[in-house]
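First comes the structure, then the notes that go with it.
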Amino acid sequence: MEAILKTAASALVAYTAHYGMAKFYNFACVPDGFWGYLNGMISTGSPVCQAGIQVLSNTQVSYSSMIMMGITRVIIDVVAPGSSQAAPLKDA
């Protein structure tokens, strides 16, 4: 149960970072409107905006990987029930 909570917390942190950076990038690097379009030609090359794109890319990969691992785990549990049970340890 603890592993599930840690995984859910990790997914929540990754998605929150992704969402927050997307909102920041939209506000600071490519604002809405015609002036935002013109400003974006200059601001998207700035180090801050480039770092924002990297954060967006990395959090997207992290979040989607967690989703795929969760889906894969459900499929494995359906196809091979009991495969997630640990084998009992033998006394040495």
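The values are calculated or read from the model by the stated rules, or taken from the named source; none is laboratory data. Only a predicted model underlies this, so the values are computations on that prediction, with no experimental measurement involved. When we count neighbours, we look across all protein chains shown, and the Cβ atoms used for this are built from the backbone with ideal geometry, even at glycine.
Could you tell me whether Y15 is out of contact with any Pro (no Cβ under 9 Å at 6 or more places or on another chain), free of Cβ contacts under 8 Å to residues at least 40 places away in the same chain and among the aromatic types (F, W, Y)? Judged against the criteria, Y15 is not a match.
Taking each residue of the range 44-57 that is closer than 15 Å to P31 by Cα and touching a residue at least 24 places away in the same chain (Cβ under 8 Å) and looking for partners that are surrounded by 13 or more Cβ atoms within 10 Å (Cβ to Cβ) and not hydrophobic (A, V, I, L, M, F, W, C) with beta-carbon atoms closer than 6 Å, six or more apart or interchain, yields C49/S43; G52/Y25. Filtered by the rule that a residue be in a helix (DSSP H, G or I) and exposed (fewer than 14 other Cβ atoms within 10 Å of the Cβ), the range 27-36 gives F27, F34, W35.
The single residue among V78, V48 that is at pLDDT 90 or above and either of a type outside the set (F, W, Y) or touching a strand residue (DSSP E or B) at 6+ places or on another chain (Cβ under 9 Å) (or both) turns out to be V48. Of everything in the range 37-52, what is surrounded by 12 or more Cβ atoms within 10 Å (Cβ to Cβ) and either over 27 Å from the mean Cα position of the chain (by Cα) or of a type in the set (D, E, K, R) (or both)? Give them in sequence order. N39, the sole residue that qualifies.
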